[in-house]
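Asks: This is the structure I have questions about; it appears just below.
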Amino acid sequence: MKIDKLVKMANEIAAYFDADPDRNAAADGLASHLSRFWDPRMRTQLLAWVDEGGGEGLAPLVREVIATRRPQLLPRTG
Amino acid sequence: MDSIHQPDLGTPTRSSTQTVTLTVDGVAVEVPAGSSVMHAAAQAGVRVPKLCATDTLEAFGSCRLCLVEIAGRRGFPASCTTLVEPGMTVTTQSPRLAQLRRGVMELYISDHPLDCLTCTANGNCELQDMAGVVGLRQVRYAQGANHLDARKDESNPYFSFDPSKCIVCSRCVRACEEIQGTFALTVLGRGFASTISPGGTAFLQSECVSCGACVQACPTATLTERSLERAGQPDHTVETTCAYCGVGCSFRAEMKGSEVVRMVPSKRGGANHGHSCVKGRFAWGYATHRDRVTKPMIRDSIHEGWREVGWDEAFAHTAARLRAIQARHGAGSIGAITSSRCTNEETYLVQKLVRAVFGNNNVDTCARVCHSPTGYGLKATLGESAGTQDFDSVEHADVIMVIGANPTDAHPVFASRLKKRLREGAALIVVDPRRIDLVRQPHVRAAQHLQLRPGTNVAIINALAHVIVREGLHQEAYVRERCEHDAYDKWKAFITADENSPEALEPVTGVPAAAVREAARLYATARNAAIYYGLGVTEHSQGSTMVMGIANLAMVAGQLGRPGVGVNPLRGQNNVQGSCDMGSFPHELPGYRHVSDPAVRALFKSAWGVDVQPDPGLRIPNMFDAALDGSFKGLYVQGEDIAQSDPDTHHVQAALEAMECVIVQDLFINETAKYAHVFFPGATFLEKDGTFTNAERRINRVRRATPPKSGLADWEITMKLAQAMGVAMHYDHPSEIMDEIARLTPTFHGVSYEKLDRLGSIQWPCNDAAPEGTPVMHVGQFVRGKGRFAITRYVATPERTSSKFPLILTTGRILSQYNVGAQTRRTDNVVWHAEDVLEIHPHDAEQRGIVDGDLVAVASRAGETVLRAHLTERVQPGVVYTTFHHPESGANVVTTENSDWATNCPEYKVTAVQVRRTSARSPWQRSFDAFSHEQAGLLPGGSDAAE
Ligand code: SF4
Ligand code: SF4
Ligand code: SF4
Ligand code: FES
């Protein structure tokens, strides 16, 4: 899928959770949202793109979640 | 005339818990206090003759046919207007009464054309019945002045008005006022000269909205359905549910053999109590329209001709193609879209097909593009993805806030009840960029109209909550008892910040702060205040945030958990609620349970015998993206028209063209079918059994009135496709599918067809805790356990106006048409709406040299289309508005890919555009015409069946 679309979507989700004054809760909320609502191929693609290029244009909260909550974003194994 | 064999108790049933006992013709009877003597008599099995009374209307007392004798009273009181009293002794038959009634009937009949044998109402006419009942044998009056030559009005396509048969009982006038709330009819003149008139003009030119209430109330053939004139009186009825909007009206399909003669709203209907709108009442002709496709068809590419095949070949071919795609591209390369127009059972089967046969979670539903934020937002805050009340609840509301909804057009029968409550004195707050009809109606005026800029809903809802908390109008004790404290404290700190004050937000919303404050006070201090909202809330980039904001507001004001209050999404299509309940979303199994929950997956594995995938699948917009990217190749679309209804048409068309196997199941060759490789002919709601769930969670039965034209009902098509793909899936009847749903879904545990037939309808949750269903939710405690306040920061939409695109386009719908219009465009409803137009404020029009009726190009960053301009002050300067009922209008060529952050529900309500005069259709429209022409030529026989 077009990566800029995934980036836009991730940033918009982050903009919602970012309003939470508790940074930890915001990161948990975002990670959980991505893992509960995104098809794994979208999550994998976003991770791969960040791994390759560093993730330019991603909101800080998304970067933080990818750095600190990566296992939650990987495809579930059943 | 009312439906055949539908009992009429003469005057409305009262709800008082106090009762009164009296005797009618020697029979003792106990009725609620406030009942009429006529009603009590009917309860005692005595039918008092009557003409001007009917149990859907308040008694009027004009015909004097219902006279009775009451012991200890002088004279002959009218039983319809006389209320019962304890110990009353009523006599309904005596020689004197018989003489008086015959005298009344004689007068009526002397001014009535006695063409009974050839009259449409023959066999179902109250005047005829009454003449018989009172034993009228002669008419002594010579032919004098009369109305026999009065001219018939046939302007309305669905009913005629023949004043020569009118007895001026004014039932029609009262029905239009009391039931429909339109006040279109009046009695002109007085005494013998009085006549009924739709405001001194013809029906079609009048205020009449063709709801049919007057036609149903008329005791004679004066107001008659034209279908009845054509077909004659019916011989039996089938009770079923309207397949148009989320109100879910119950109807009696009056049948002659297997032909529908009339659709008459059912008084037993829990949602509509005997009322209807023009769509359900009259616009069913599409079911037999010549455009219906009734044979399965296949083709290898979309530029080839269609080939009609038998069902077996169609299933074998389709199954082989889908399996081949999966073999090449993986299990996740195919998916399906369920329809909010299909039954619960059909929707359940499609998601089961995806999960148990395709082996993935790539299932989504058209609710994605309308109410997915409702599901997300209400679940996150209150714990259940559904409206909190029944429609009856509105009768207890003192303040009613309508946000981003236009009920008089989109949910007309509910709107009638809402207007009735407003006429009784409830206060109305409208939050809408447009001056919708509700803002100013006969006898109804909104206390506040917060006419906000499109896209600023969240700012308004925050400002309302800010005022309530800062002015101390909130219900702290209620919140402390029922909600999570941590989340509430965080929210409170957020909402009371100055940046959320109406004054600070006024420059954003354009709404005067004082008006916001007034509205907030009105809402918070009402004994009962209810919120009703529609797609103007959900179809925004902050749709889910707004739904949570609404829930926050209701929680903080303590306006949840009893009749008269609540948060009520008005659903667009008939089965939006049901299709969501049935597990149509890629992340949820039936009953809104996440696919990652191992216990839920284990339950479904035990029932289906296969593993359910633990990760969510693709949503509709993701499917399009994945199609363009090559990882998604096959799509089964049941009863939806994504090529017309989804935003950014160019993108959708490209995605459909990129797929290898698109299967469309529908009544007609819709826009999506033009890109399909397989066409399965679907069945109308008249041709199948099942259930729909309306906006109040009410499960209503759909009953087969005529056999499916293609030979198979939609559930059978899905089942046979599953079988062809090698999975043993078998049901003999939709009731067995419902039994499976009930076994696997806690909120449906108590539902069965037997119970639905017995109770008429059931509002879920229906289980051991609530065996007859749940009209009002969250009583005592929220479904979630503790309610959760969500922080709802206002984030402006990425869609900005600029010098190039200075106006904001917002979209909506109108009364006579339904959604993509595939059905209503194939009925006489087109007399009210032949094309989609662009509403523009005269000021904006003048700046652009546009006059009413001009062709104008509407261009956005996504595309351009051409519509006819309509100048109106209903829209504010800077805002333009259109509907999307006609495919060639291409409204979605203009809408963008922006969507709700949580659910990807498209932002239909905000698109930056420029408008200019033009003389020709847009390039997209020209290519649409060419493609449609090509596709029509590819149909068997190259017919003109394509649109
Ligand atoms: S059809 Fe409905 S709106 Fe029209 S006159 Fe009759 S009751 Fe009124
Ligand atoms: S049109 Fe029918 S309902 Fe209306 S006044 Fe005449 S007879 Fe009565
Ligand atoms: S369209 Fe809606 S309001 Fe109209 S009859 Fe059908 S269910 Fe009722
Ligand atoms: S029915 Fe009572 S006065 Fe007409």
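Asks: Being open to solvent by less than 30 Å² (accessible area, probe 1.4 Å) and within 15 Å of B:V134 (Cα to Cα) is the filter here, so list the residues in the stretch B:76-97 that pass it.
Replies: Hits for the stretch B:76-97 are B:T92, B:S94, B:L97.
Asks: Name the residue, out of B:E740, B:E716, B:E799, that is within 14 Å of chain A (Cβ to nearest Cβ), out of contact with any helix residue (DSSP H, G or I) (no Cβ under 6 Å at 6 or more places or on another chain) and open to solvent by less than 60 Å² (accessible area, probe 1.4 Å).
Replies: Unique residue meeting the criteria: B:E799.
Asks: Here's a follow-up. Can you name the residue in the stretch B:358-390 that is farther than 30 Å from B:G812 by Cβ and open to solvent by 10 Å² or more (accessible area, probe 1.4 Å) and is also farthest from the other protein chains (Cβ to nearest Cβ) among such residues?
Replies: This residue is B:G383.
Asks: In a strand (DSSP E or B) and in contact (Cβ under 8 Å) with a residue 60 or more places away in the chain: is that true of B:I400 in this structure?
Replies: So B:I400 fits the description; yes.
Asks: Yes or no: A:A67 open to solvent by less than 40 Å² (accessible area, probe 1.4 Å) and away from chain B (no Cβ under 11 Å)?
Replies: no
Asks: Turning to a different aspect of this structure: Right, B:E304: touching a residue at least 60 places away in the same chain (Cβ under 8 Å), away from ligand 3 (no atom under 14 Å from the Cβ), open to solvent by 10 Å² or more (accessible area, probe 1.4 Å) and away from every other protein chain (no Cβ under 14 Å) or not?
Replies: For B:E304, the condition - touching a residue at least 60 places away in the same chain (Cβ under 8 Å), away from ligand 3 (no atom under 14 Å from the Cβ), open to solvent by 10 Å² or more (accessible area, probe 1.4 Å) and away from every other protein chain (no Cβ under 14 Å) - is met.
Asks: Another question, then. Filter the stretch A:18-36 down to the residues that are open to solvent by 30 Å² or more (accessible area, probe 1.4 Å), under 12 Å from the mean Cα position of the chain (by Cα) and within 11 Å of another protein chain (Cβ to nearest Cβ) and list them by number.
Replies: A:S32, A:R36
Okay, residues lined up against (1) within 16 Å of ligand 1 (Cβ to nearest atom); (2) open to solvent by less than 10 Å² (accessible area, probe 1.4 Å); (3) farther than 15 Å from B:C169 by Cβ; (4) acidic (D, E):
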| residue | (1), (2), (3), (4) |
| --- | --- |
| B:A41 | no, yes, yes, no |
| B:R47 | no, no, yes, no |
| B:A53 | no, yes, no, no |
| B:S62 | no, no, no, no |
| B:C66 | no, yes, no, no |
| B:R74 | no, no, yes, no |
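Asks: Helices (runs of 4 or more DSSP H) wholly in the stretch B:829-947 with at least 1 residues that are over 32 Å from the mean Cα position of the chain (by Cα) - which ones?
Replies: The helices (runs of 4 or more DSSP H) meeting that bar are B:842-847, B:923-937.
Asks: Follow-up question, since we're still on this one. So which residues in the stretch B:1-31 are surrounded by 17 or more Cβ atoms within 10 Å (Cβ to Cβ) and more than 30 Å from B:L223 (Cα to Cα), if there are any at all?
Replies: B:V20, B:L22, B:V24, B:V29, B:V31 - these are the residues of the stretch B:1-31 that are surrounded by 17 or more Cβ atoms within 10 Å (Cβ to Cβ) and more than 30 Å from B:L223 (Cα to Cα).
Rundown of residues vs (1) touching a residue at least 40 places away in the same chain (Cβ under 8 Å); (2) farther than 30 Å from B:R562 by Cβ; (3) not assigned by TED's automatic domain parsing to the domain that holds B:L553, yes/no style:
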residue	(1), (2), (3)
B:R480	no, no, no
B:E484	yes, no, no
B:Y488	yes, no, no
B:D498	no, yes, no
B:P507	no, yes, no
B:V511	yes, no, no
B:A515	yes, no, no
B:E518	yes, no, no
B:R521	yes, no, no
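Asks: What number of residues within the stretch B:890-909 satisfy the criterion of being away from every other protein chain (no Cβ under 13 Å) and out of contact with any strand residue (DSSP E or B) (no Cβ under 6 Å at 6 or more places or on another chain)?
Replies: Final tally of qualifying residues: 1.
Asks: May I ask you to verify whether B:V247 is more than 16 Å from ligand 2 (Cβ to nearest atom), at pLDDT below 95 and either among the acidic types (D, E) or over 18 Å from B:G578 (Cα atoms) (or both)?
Replies: In short, no.
Asks: Conditions: (1) open to solvent by less than 20 Å² (accessible area, probe 1.4 Å); (2) under 20 Å from the mean Cα position of the chain (by Cα). B:L422 meets all but one. Number of the miss?
Replies: Looking at each condition in turn, B:L422 falls short on (2).
Asks: Return a yes/no flag: does the stretch B:612-633 have any residue that is away from chain A (no Cβ under 14 Å) and touching a residue at least 60 places away in the same chain (Cβ under 8 Å).
Replies: No: the stretch B:612-633 contains no residue that is away from chain A (no Cβ under 14 Å) and touching a residue at least 60 places away in the same chain (Cβ under 8 Å).
Table: residues versus (1) touching a Leu at 6+ places or on another chain (Cβ under 8 Å); (2) farther than 19 Å from B:T672 by Cα.
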residue	(1), (2)
B:G270	no, yes
B:S276	no, yes
B:G280	no, yes
B:G285	no, yes
B:P296	no, no
B:R299	yes, no
B:I302	no, no
B:G305	yes, no
B:G310	no, yes
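Asks: While we're on this one: In the stretch B:570-595, which residues are of a type outside the set (D, E, K, R), buried (at least 24 other Cβ atoms within 10 Å of the Cβ) and part of a strand (DSSP E or B)?
Replies: B:Q573
Asks: Being surrounded by 24 or more Cβ atoms within 10 Å (Cβ to Cβ) and either within 12 Å of chain A (Cβ to nearest Cβ) or among the small types (G, A, S) (or both) is the filter here, so list the residues in the stretch B:523-539 that pass it.
Replies: B:A524, B:A529, B:A530, B:G534, B:G536
Asks: Still on this structure, please answer the following. Considering (1) at pLDDT 85 or above; (2) out of contact with any His (no Cβ under 9 Å at 6 or more places or on another chain), say which one B:A945 fails and leave the rest.
Replies: Unmet for B:A945, out of (1) at pLDDT 85 or above; (2) out of contact with any His (no Cβ under 9 Å at 6 or more places or on another chain): (1).
Asks: Let me ask something else. Consider the stretch A:4-14. How many of its residues are surrounded by 19 or more Cβ atoms within 10 Å (Cβ to Cβ) and at the interface with chain B (Cβ under 7 Å from one of its Cβ atoms)?
Replies: 2
Asks: Open to solvent by less than 10 Å² (accessible area, probe 1.4 Å), within 14 Å of chain A (Cβ to nearest Cβ) and at pLDDT 95 or above: is that true of B:G549 in this structure?
Replies: Here the answer is yes, as B:G549 does meet what is asked.
Asks: While we're looking at this one, here's another question. Looking at the stretch B:239-248, is at least one residue open to solvent by 30 Å² or more (accessible area, probe 1.4 Å) and over 30 Å from B:G639 (Cβ atoms)?
Replies: no
Asks: How many of the residues making up the stretch B:203-226 are over 25 Å from B:A410 (Cβ atoms) and open to solvent by 20 Å² or more (accessible area, probe 1.4 Å)?
Replies: Going through the stretch B:203-226 one residue at a time, the tally reaches 1.
Asks: Here is a follow-up. Given the residues B:Q233, B:Q180, which is the only one that is at pLDDT below 90, under 27 Å from B:S266 (Cα atoms) and away from ligand 4 (no atom under 16 Å from the Cβ)?
Replies: B:Q233
Asks: Looking at (1) open to solvent by 20 Å² or more (accessible area, probe 1.4 Å); (2) more than 21 Å from B:V547 (Cβ to Cβ), which is the one condition that is false for B:P433?
Replies: The failed condition is (2).
Asks: Could you list, in sequence order, the residues of the stretch A:38-54 that are within 11 Å of the chain's Cα centre (by Cα) and either surrounded by 17 or more Cβ atoms within 10 Å (Cβ to Cβ) or hydroxyl-bearing (S, T, Y) (or both)?
Replies: A:W38, A:M42, A:R43, A:T44, A:Q45, A:L46, A:V50, listed by residue number.
Asks: Do any strands (runs of 3 or more DSSP E) entirely within the stretch B:206-278 hold 1 or more residues that are away from ligand 1 (no atom under 16 Å from the Cβ) and touching a residue at least 12 places away in the same chain (Cβ under 8 Å), and if so, which?
Replies: Passing ranges, in order: B:236-241, B:250-256, B:259-265.
The values are calculated or read from the model by the stated rules, or taken from the named source; none is laboratory data. What you see is a predicted model, and the numbers here were worked out from it, not measured in a lab. Ideal geometry is used to build each Cβ from the backbone, glycine not excepted, and the neighbour counts take in all protein chains shown. Side chains included, ligands, DNA and RNA excluded: accessible areas come from the protein's heavy atoms. Shrake-Rupley method; radii C 1.70, N 1.55, O 1.52, S 1.80 Å.
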